[in-house]
Amino acid sequence: MLFMPIRRKKGILAHKSSRLTKKTLRWLIVISSIPLFGIVTAFGIAPNTPSLEQIQIEEIIRDLSIPDIVAETGHNHTFWHQESIRRGDTIAAILTRLDVRKQDAAAFLKAARDSRAMRQLRPGKTVYAQTTANGELLILRYFFGNEELFLMEKIDQEFKMSEQAIELDSQIHMKSGVVKNSLFGATDSAGIPNNIAMQLPEIFASDIDFYRDIREGDRFTIVYETLSDNNGEHAKSGRVLAVEFVNKGKSHNAVYFQSSNGNGGYYTPEGESLRKAFLRSPLTFSRISSGFSNSRFHPVLKEWRAHRGIDYAAPTGTPVKATADGIVQFSGSQRGYGNIVILKHRGKYETAYGHLSRFAKGQKKGSRVSQGDIIGYVGATGMATGPHLHYELRVDGVQRDPSKVILPTAPPIAKRDLQHFHRETKQLVARLTIMRNTHFASLN
């Protein structure tokens, strides 16, 4: 059986073989003697053996029949493709990127017009498709919702659709790496899936600024899960179960635990919550273009004045996250701020997010938001010379420097859960220790 791996790029071409000459055949015999899936090793010639010049070479030419597979055209081959769903994507656009021919794309869209899954195209999730070399769609799979499978198969030249809940099996993986140029370059080199790598900034969002704080030589060890269907085929990557991230020489550790009330979160191995009341930054990746200052030359007004917030430079459309749980106090346009969202938090705290290009859908005054929820998108409205986010932390109505305010933390593991927590996370911490010691011993 011929197996073709999942691919992303176009163009694996096959053609009928012409008649083999004796010279070509000799090359085929030499090449076929090399193991297809072997390991490249060094070799030597034992002493007291004849030199290569003394070995008699005899040329033997035989007629060999050519297997049908060599002469077979590429149209009989099938390929697995995968495409990540992008923000604002449509299934038609995804089918185009999957190289599905137009007539099959049209037939698919007709067959899937009543599909729940096709109305739940969530950015970051993956669509898998099997096609022939000429773009005929044979199978399309998409895991959506709460572990549900959308399956479209071509049977007797017609598309048949099914949507059903499935049971997924979990596999545990352990990986380590060292940052050389960038965090994601390091996670790619370690073979860590992108959606697992993207969880790291979320887990340590209150302790590490992943734009400003990452340094060459930082290292990490991750224990994470992947989920497969009953056939053993990869369905999706799960969550990070435990992680150690050493940033600028300081070790940060986290383990995942679900408490008795059903809420899951990340804690230190001692049971302290990693979730602070406020995130370090409202943007996952950005740079500070202007800090909190009592005197700054305003680029629009052309005068020196106080800058009572922090500006984060980022492209238009970059998602802006609420740095803490709160209630929308204001959402609209406000003088030099342009489009702004103001959130009221517990106690004496407020946050403001200015110069937005647009607001998150369904957001209005009085709406509740949770830490990490997207409340708007970076823009250049109001008095702004370019796209950026103006962020303010207000304490009792007065703007304060977020980097200098001591903010409250989330409560630790409840006493009733503490024994269960240590029992559940003991193995995860042990896995981290084993993997860390094994990997970094090999680097020395």
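The values are calculated or read from the model by the stated rules, or taken from the named source; none is laboratory data. Computed from a predicted structure; not experimentally measured. A quick note on method: Cβ atoms are made from the backbone with ideal geometry, for glycine too, and the neighbour counts reach across all protein chains shown. Just the protein is used for accessible areas: all its heavy atoms, side chains included, with ligands, DNA and RNA removed. Shrake-Rupley method; radii C 1.70, N 1.55, O 1.52, S 1.80 Å.
Data table
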| quantity | calculated |
| --- | --- |
| The stretch 391-416 and the stretch 304-354: distance between their alpha carbon centers, rounded to Å | 15 |
| Residues with amide H under 5 Å from that of Ala205, placed H, sequence gap 5 or more | none |
| Accessible-area order (highest first, 1.4 angstrom probe) of the listed residues Ser367, Ser260, Ser357 | Ser260, Ser357, Ser367 |
| Global geometry of the stretch 320-444, whether rounded, prolate or oblate, following the gyration tensor of its Cα atoms and the 1.5 cut on a/c | prolate |
| Proximal charge balance of Pro269 [Cβ under 10 Å; K/R count +1, D/E count -1] | -2 |
| Thr409 long-range amide H proximity, modeled H, under 5 Å | Ala277 |
| Sequence of Asp417, Asp373 from largest to smallest accessible area, 1.4 Å probe | Asp373, Asp417 |
| In order through the stretch 94-109: 3J(HN,Hα) via Karplus (6.51 cos²θ - 1.76 cosθ + 1.60), integer Hz, x for Gly, Pro | 5, 4, 5, 5, 7, 6, 7, 5, 4, 5, 6, 4, 5, 5, 5, 4 |
| Using a Förster distance of 51 Å, the FRET efficiency for Ala380-Glu136 (Cβ separation, nearest 0.05) | 0.65 |
| Average accessible surface area per residue within the stretch 154-207, 1.4 Å rolling probe, Å² | 56 |
| Flagged links, alpha-carbon separation over 27 Å, of Lys180/Lys250; Lys102/Lys125; Lys276/Lys415; Lys125/Lys348 | Lys125/Lys348 |
| Percent carbon-and-sulfur accessible area, the stretch 91-190, ignoring ligands, DNA and RNA, probe 1.4 Å | 47 |
| Relative contact order (percent, whole number), the stretch 345-400, Cα cutoff 8 Å, 6+ residue spacing | 47 |
